[in-house]
1. Just tell me which aspartates and glutamates come within less than 15 Å, Cα to Cα, of Lys64; anything on the same chain fewer than 8 places away is out.
2. Setting aside same-chain residues fewer than 8 positions from Lys235, which lysines have a Cα under 16 Å from its Cα?
3. If you find the alpha carbon centre of region 31-61 and of region 394-432, how far apart are they in angstrom?
4. Please give the calculated 222 nm ellipticity per residue for the chain, where each DSSP H segment of at least 4 residues contributes -39500 (n - 2.57) and the sum is spread over every residue; nearest 500 deg cm²/dmol?
5. Once the other residues with Cβ under 10 Å from the Cβ of Gly223 are scored (Lys, Arg +1; Asp, Glu -1), what is the net sum?
6. Order of 170-181, 84-95 by packing, highest average Cβ count within 10 Å first?
7. Filter the trypsin sites (Lys or Arg not before Pro) in region 390-440 down to the DSSP loop ones having no more than 11 other Cβ atoms within 10 Å, then list what survives.
8. Which one of Val237, Val307, Phe291 is farthest out on the positive end of the charge dipole of region 226-383, using unit charges on Cβ (Lys, Arg +1; Asp, Glu -1) and the Cα centre as origin?
Amino acid sequence: MLLFGVIGLGMCASGVGGTEAVSFERLKFHGVPKGLVEGAVVADWGRFLGATDDAHSVEKPLLKEWPVGGPKKVWEVAMGEGYAGPVVAEGRVVIFHALEGKETVECLEAETGKRFWSFDYAVAYQDRYGFANGPRGSPVIADGVVVTLGVTSVLHGLDLKTGEVLWSRDLRAEYRVPQDFFGHGSSPLIEGGKVYVQVGGKLEAMDGNESKKERAAKLATAGVSVAAFDLRSGKVVWELEHAWGASYASPVMAELHGVKKLMVFAGGESDPPTGGLLCVDPGSGKLESAFAWRADDYISATASSPVVVPGKNRVFVSTCYPKGKPLGGAMVEFDAAFQPKVVWESAKIGVHWMTPVYHEGHLYAVDGERENNSRLVCVDAETGAEVWGEELTWPDAELGARMGRGGAMTLGFLRGSLLRVDGAFLALGELGTLMWLDLSPKGCEVKQRAPLFYATNTWSLPVVSGGLLYVCQQGEDIEVSQAAGPRVICLDLRGE
């Protein structure tokens, strides 16, 4: 049943689906993956940060010794623009990108890359700062439903098996959501039959003719900041009005004093900048508390999701922008009434967009806004003290040869991503290098390293499901003769 149809939204949408997966022109198949070993532990990856919203995976065993060139490719699919990562459930991979002027959702077979269905709709978006003109928020899968939130704030619920549109909502039209710095970028969260969304609405719509003062006044007004929608119908369950707009961080669920609470690290475009951590009752939408944490810089774009510290009633948030007071990270503890207090704060763990990984009492993260000041850090989660920091770099002879430099070029992890899995950290550097890292309070040891490609803007967290690794290349190759652009690559990471 189509309740809030795309036709009613003023868009022309199309979908192609079938019961069997078929090859298509953008698919390149490399080879069949190994079979799973007896006793292998596998899991779906149905949302942005994995099943537990903390960049941890239970998958094992995974391949720890790689052949030359890294894990073998299974398949790859060329993609359009955007920074959304893939999600995996029920043997299906869902990708979301902008292709030829349309935001496109595609459902692929996990082991072959063949396509079950595709759905697209026209989108008109131009990034203010010259970044990709595609979606930022990753899809989410739960209970047979795929939910996507596009860069222009269009929310869809699709049937995982067929691609049928179950419902859709134009949040920009309904809630007067401003474009913000980089469009809409937070991934939704699905739990308990509800879809939780950072809406970021305002009381008044922007018409583009406002003066700077008038625009600032409109952005400061309260609107629907967060909302919950029914997963099956798309109907509103509750709406929370608040002045803080939608950030690029994704909502997560936290257990505080034995009760689940929705944690939303909010803060959209505003002048002066406002935002912080909202603690919300997920059943009623009641705002329990609001902890202000936002850099003074006008263009500060909060993008690192909250990190829940298990069993501590604590949540860590971080921002990286340096102008004004460099806030960095804050560990917040909630009392029995769900009111926050700062346990510690540190300017030495200012994270741009990767989500720090909590492991055995420590936070592992990338501190720094830009490539030239980013470093991998380990921070004591109890005190906030930096245990160590390292600018992880290495020589790469292959890239040097490709670029005609006559010697190795130095590459770095830069603003990469971390995933805790199978007793180690799987790391993906910003330029496309995959690594196994041993991270502990003692330091960082590189166990394996392989360049999957050489391209900028590798910003999405890699995904592991069924022993297969899915990595998104989101920029053009640095060495243009290689002629590879944005794509999703499936690699065989199955252990033996």
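1. Leaving aside aspartates and glutamates fewer than 8 places away in the same chain, those within reach of Lys64 are Asp422, Asp438, Glu445, Asp492, Glu496.
2. Lys194
3. 24
4. Details: 3 runs with 19 residues, N = 496.
Rounded to the nearest 500, it is -1000 deg cm²/dmol.
5. Values: positive: Arg176, Lys202, Lys218; negative: Glu204, Glu239, Glu241.
Charge balance near Gly223 sits at 0.
6. Values: 170-181: 20.3, 84-95: 23.3.
Those peptides, ordered most packed to least, come out 84-95, 170-181.
7. Working: sites: Arg402, Arg405, Arg415, Arg420; in loops: Arg405, Arg415.
Loop-located and lightly packed - Arg405.
8. Selected residue: Val237.
Any read-out appearing in this document is the output of simple, stated calculations on the displayed coordinates, not a laboratory observation. Everything numeric here is computed off the predicted structure, so don't read it as measured data. Cβ: placed from backbone, ideal geometry, glycine included. Neighbour counts: every protein chain shown.
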